Amino acid sequence: MSKTWLKPLRHPRFWLAAWLAAVLTVIVVCLIPPPPLALPQGSDKVEHFLAYFLLAGSAVQLFQRGRALTWVGAALVLLGMSIEIAQGALTQTRIPDPADALANTIGVLAGMATALTRWRD
């Protein structure tokens with residue numbers, strides 16, 4: 001990824017590394033055994049939405065609008081779908097859920113929509 005994809009930040013490599021660490025954290029958290037919590041049914045959809053909203057919203061802060069941000073948004077949607085597939089294929093403690101993938105996608109769309117606000121910078 002070239003520097004032209006990134007906004008002119010003071011420490012672009014640091015911010016890119018921090019964002020990639022956040023992406024990696026989401027991947028790991030989604031693939032490790034879930035903690036034994038008693039949460040209301042369906043509340044995990046809010047967690048999925050928030051995680052991907054934060055990833056996409058922070059991408060708006062990091063990447064230039066246009067092609068770069070479009071590719072990052074598409075990659076986040078694909079990541080959310082891929083993680084759901086991986087949960088079924090690679091783990092014994094997680095199950096894939098299309099509703100989780102939908103919540104991820106809606107979170108990405110909402111996060112990307114911040115590019116249309118004054119919070120984009």
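The values are calculated or read from the model by the stated rules, or taken from the named source; none is laboratory data. Everything quoted here is computed from the prediction, not taken from an experiment. Note: accessible area is taken over every heavy atom of the protein model, side chains too, but ligands, DNA and RNA are not part of it. Shrake-Rupley method; radii C 1.70, N 1.55, O 1.52, S 1.80 Å.
What percentage of the solvent-accessible surface of the stretch 26-85, computed with a 1.4 Å probe over protein heavy atoms, is contributed by carbon and sulfur atoms?
74 percent
By the combined test of axial Cα extent (at least 30 Å) and Kyte-Doolittle hydropathy (mean at least 1.0), the qualifying DSSP H helices of the chain come to 67-90. Per the Cα gyration tensor, the stretch 39-121 maps to an equivalent ellipsoid with semi-axes of 26, 14, 8 Å, ordered largest to smallest.
Per residue, the solvent-accessible area of the chain (1.4 Å probe, heavy atoms of protein chains only, all protein chains present) comes to 65 Å². If I take every Cα pair under 8 Å that is 6 or more residues apart in the chain, average their sequence separation and divide by the length, what percent do I get for the relative contact order? 36 percent.
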